[in-house]
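Let me begin by presenting the structure, written as structure tokens, before commenting on it.
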Amino acid sequence: MVAWYLSSNPNTMFRILIADDDAGFRQALGELLQTHFPKTELRAASDGQQTLQLLDSVDLLLLDISLPQESGLELTAKIKSEHPELVVSILTIHDLPEYRQAALQHGADYFVSKGAPAEQILQVVQSAIAGRQAHGNPRRSLSGC
């Protein structure tokens with residue numbers, strides 16, 4: 001399956017794409033987000049090609065740094081060159097300064113370790129939603145949230 005959608009609400013205010021090759025992680029993250037942000041539409045992709053196919057009307061991309069066929073960093077640079085308004089958060093198990101720096105250099109707006117508390121990813125989503133509502137474009141931050 002290329003994507004799943006957790007919200008069938010036609011009044012959806014915010015759209016999130018989760019791009020990660022780990023189906024269990026995608027599902028768990030999707031459930032967490034739907035619980036805390038019930039008016040969001042969630043889409044999922046397992047590789048770079050699916051990610052590019054599902055970008056239409058997405059407000060926030062939660063992108064694994066290691067995807068099959070293309071790195072999340074390369075994908076971020078490609079996406080940001082064509083969709084600079086799209087908020088991209090890199091997700092990774094590699095919580096190292098050099099990965100944070102690489103994410104910034106490739107255009108990521110946020111960087112979140114997969115081992116971080118759930119509150120951290122929830123703060124990223126909340127910041128993206130608040131940024132879109134207040135400014136039409138969220139603030140850029142690589143501090144994690």
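The values are calculated or read from the model by the stated rules, or taken from the named source; none is laboratory data. As the structure is a prediction and not an experimental result, all values here were calculated from the model. We place every Cβ from the backbone using ideal geometry, glycine too, and count neighbours over all the protein chains shown.
A few notes on this one:
- Scanning segment 77-106 for residues that are over 20 Å from GLN123 (Cβ atoms) and either hydrophobic (A, V, I, L, M, F, W, C) or crowded, with 19+ Cβ neighbours inside 10 Å (or both) returns ALA77, ILE79, LEU96, ALA102, HIS106.
- Sole residue being among the polar types (S, T, N, Q) and not in a loop (DSSP other than H, G, I, E, B), chosen from SER57, SER89: SER89
- Just so you know, in segment 16-33 the residues that are without any contact (Cβ under 8 Å) to a residue 60 or more places away in the chain, under 13 Å from the mean Cα position of the chain (by Cα) and assigned to a helix (DSSP H, G or I) include one that is farthest from GLU119 (Cα to Cα), and it is ARG26.
- Single residue of segment 92-105 satisfying the filter (in a loop (DSSP other than H, G, I, E, B) and within 14 Å of SER66 (Cα to Cα)) that is modelled with the highest pLDDT: ILE93
- Looking only at segment 60-76, and only at residues there that are assigned to a loop (DSSP other than H, G, I, E, B) and not β-branched (Val, Ile, Thr), the one that is surrounded by the most Cβ atoms within 10 Å (Cβ to Cβ): LEU67
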